[in-house]
1. Residues to consider are 59, 89; find the one that is more than 18 Å from residue 192 (Cβ to Cβ) and either open to solvent by 10 Å² or more (accessible area, probe 1.4 Å) or assigned to a helix (DSSP H, G or I) (or both).
2. Please identify the pairs in which a residue from region 180-192 that is in the same structural domain as residue 222 (by TED's automatic domain parsing) has its Cβ atom under 6 Å from the Cβ atom of a residue that is hydroxyl-bearing (Ser, Thr, Tyr), counting only partners at least 6 apart or on another chain.
3. Please tell me if residue 43 is at pLDDT below 95 and away from the ligand (no atom under 15 Å from the Cβ).
4. Of the conditions (1) modelled with pLDDT of 95 or more; (2) away from the ligand (no atom under 13 Å from the Cβ); (3) not small (Gly, Ala, Ser), residue 79 clears all except one; give me its number.
5. Given the conditions (1) open to solvent by less than 10 Å² (accessible area, probe 1.4 Å); (2) in contact (Cβ under 8 Å) with a residue 60 or more places away in the chain, and given that residue 237 satisfies all but one, which numbered condition is not satisfied?
6. Look through 264, 232 and report the one residue that is in the same structural domain as residue 79 (by TED's automatic domain parsing) and outside any loop (DSSP other than H, G, I, E, B).
7. For residues that are in a loop (DSSP other than H, G, I, E, B), open to solvent by 10 Å² or more (accessible area, probe 1.4 Å) and of a type outside the set (A, V, I, L, M, F, W, C), scanning just region 64-76, find the one that is farthest from the ligand (Cβ to nearest atom).
Amino acid sequence: MQKTIDPYSSELVEDYTKIIKDFGLSRFNSKLFPKPNRLMRRGIVFAGRDLNIISKCIKEKKPYYVLTGIMPTSEKIHLGTKMVIENVKYFQDHGAKTFVLVADLEAAAARGVSLEEGRKRALNFHIPAYIALGLDPKKTTFYFQSENKLVMNFAYYASQKITLNEFKSVYGKADPGRIMSATTQVGDILYPQFKEKMPGIIPVGVDQDPHIRLTRDVVNRSKRMGFFSPSSIYHKFMPALDGKLKMSKSRPESYIELPEDKKSLNKKIKRALSGGRDTLEQHRKLGAKIEQDMAFELLKVHLIEDDKELKKIHDKYKSGKMTSGEIKQIACEKAEKLMDDFNKKLIKARKLVPKLKFIRFQ
Ligand code: TRP
């Protein structure tokens, strides 16, 4: 049976080459971008759509935007979301106008979070968390979906440009809440262009690609309006600590979130799937099975910035000089530091909330 990858199911992703082919994506080439970030350098960002035009905007200092949306559900940040924010930050640091919207309508439709509750959570946690993870509050424009009449008007327009069958083939399923959320998201993705037509990039996990495809279809059918089709950039899923390919809410011990207390952090990392051999003797002789080591994966994707430092650890572990216990120890120390840093910045960022640039609508 064909697997669907959409925002609502959590299928395993084993083969990124196949996704690139099936979705018609382009393989990511880090040479297109100056000073690629950690995720780009290490192949975690693996694909995109229409990246040449964004590369050109950066090199020629032309206007473009980067945009992402927050679902204000639980007051936790997923490591996948952290990757999105890091990519948003990359483009923000490279000249993009930055937009972050709170998907409060979607959270109400999809998760039953009232608009009032969603607003509170976004102001108290999600927005400060995005700032704590590196977004520059002075250079970021925020809005709530529920207040943005222009986005809603566009969602109505977009609904006339797609058929139910198309929707089903892009999303797998169609129910009224999904349709409303998806056409609203089309409005979000194009919103910065309502005023000024310019290229834009949307960093997402592959599960969000249907929204990008839908938006591109709507743009193609609205040539008169002169929108640039949105570009996108995709990161791989963060595997779970038990080595399964996707984290799941039903196995909370299998993934780390921000914030998390030190005790549970240490416990999870210590129990993570390791690439160490059965005996120390074998380990020294054969070296680690590094591809399956989840503590090393954490170091690679999130915890070590410096490529040389990472390579040293990689080489020592792979050759058996370092043990899996030592790798886990390093991961625990670095993860604790990440948490401390996040918590401190979160407190500071909360104080900035009253001063943020929110688009206000009458
Ligand atoms: N659907 C996204 C989520 O589930 C939230 C979202 C709404 C979004 N509008 C967006 C993401 C526009 C990217 C761009 O998290």
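The values are calculated or read from the model by the stated rules, or taken from the named source; none is laboratory data. Bear in mind that the values here come from a model prediction, so they are computed numbers and not experimental data. When we count neighbours, we look across all protein chains shown, and the Cβ atoms used for this are built from the backbone with ideal geometry, even at glycine. In case anyone asks, the SASA skips ligands and DNA or RNA and just uses the protein heavy atoms, side chains included. Shrake-Rupley method; radii C 1.70, N 1.55, O 1.52, S 1.80 Å.
1. 59
2. Here the result reads 183/159; 186/215; 189/215; 192/65, each pair linking region 180-192 to a residue that is hydroxyl-bearing (Ser, Thr, Tyr).
3. Yes; evaluated as a whole, the condition is true for this residue.
4. (1)
5. Here residue 237 meets the rest and fails (1).
6. So the residue among 264, 232 that is in the same structural domain as residue 79 (by TED's automatic domain parsing) and outside any loop (DSSP other than H, G, I, E, B) is 232.
7. The residue in question is 75.
Here's the yes/no breakdown for (1) within 14 Å of the ligand (Cβ to nearest atom); (2) in contact with a Phe, Trp or Tyr (Cβ under 8 Å, 6 or more places away or on another chain):
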site	(1), (2)
60	no, no
85	yes, yes
100	yes, yes
122	yes, yes
126	yes, no
